[in-house]
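First comes the structure, then the notes that go with it.
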Amino acid sequence: MTGLIGRPGVTVIFLLIIMLASQQNAAGPLMMAAEGYVYGQLSKVSHDKNITRVYLGEISLGHESMTFISFGNQPTNLVTNPWQFCFEKDRYEEIENFVGKNVVLAFTFPKNNNLLSCSSVYELQEIYPVNQDHVWEQKHFVGDIYTSDPETSYGVEFGRITNLIKNKSVNRIYYMTLQVGNGGSKFRHFMIDDHDLYEFAINALKSAVMVKVHYSDRISYGNSYGLGARSVVAEIEVVEQ
């Protein structure tokens, strides 16, 4: 190793690898291209006059959440509370009208070039009210778990889905966050293997319904998720309120 590091070309490559790895670990969601949805109360919009085009919004996840007590594995800083997003000047009035209301927001990452100075990593695509009139063809969806990693435990959590994220860089990796119970600051993170189950979860998020999430805890060493242990969603069941 000493002989290799001593060569100028190898030294540069070695240092670049270290720098990229450290940036990924610090940035969390910067390691992937993503799209997804978030649900909660739009609590704030703001504008820094030193940055003419960039506006920032904040959503308090779920119902009556103040802080973020987080359980389960996911990439660092993938979901925070309040959840921030960026948008451009021409959408300010549209977004401001939703302040104080429960909304669903569609987002992408990375941002377009006009928003690079924004402090959030997420860019607004769409914002709309909760769809309380969604017609459910089925209220209980059983998905597939494709991993062969061994199961260590399983269980059920009850609450509202607040975040869904699709990793566009890797097939069949979806992230989901659940606000546990009817409200408050306890959130649990899951992963989804099944695309159809992910689509079912999107409708549950957009409707802000209460759900039971059936999950399987799996453990792996050196898996493609980059996580040693994770909770994988097996079923989602909509609960009548």
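FYI, it's all coordinate maths here, none of it is from the lab. Source: prediction; values computed, not measured. Reconstructed Cβ throughout: ideal geometry from the backbone, glycine too, with neighbour counts over all protein chains shown.
A few notes on this one:
- Fully extending the segment from H134 to E35, taken as 0.36 nm per residue of separation minus the present Cα-Cα distance, adds 33.4 nm.
- Neighbourhood charge, 13 Å Cβ-Cβ cut-off, centred on V121 and excluding it, Lys, Arg +1 and Asp, Glu -1: -1
- Here Y92, Y128 are placed in order of increasing Cβ neighbour count within 10 Å, fewest first, which gives Y128, Y92.
- Projected label distance in nm at S117 and K212, using a 7 Å step from Cα toward the beta-carbon: 5.2
- Each of S46, S207 was scored by other Cβ atoms within 10 Å of its Cβ. Arranged with the fewest first, they read S46, S207.
- Taking a sphere under 14 Å around the Cβ of T147 and counting the other residues whose Cβ falls inside, with K and R at +1 and D and E at -1, yields a net charge of -3.
- Cβ-derived FRET efficiency at R0 35 Å, E240 paired with Q125, nearest 0.05: 0.65
- Bins of 5 Å from zero: percent of alpha-carbon pairs in the stretch 77-156: 3, 10, 16, 16, 13, 12, 13, 10, 6, 2, 0
- For the stretch 33-129, the Cα-based Rg and Dmax, in that order, read 13.0, 39 Å.
- The alpha carbon centroids of the stretch 152-202 and the stretch 52-94 are separated by 17 Å.
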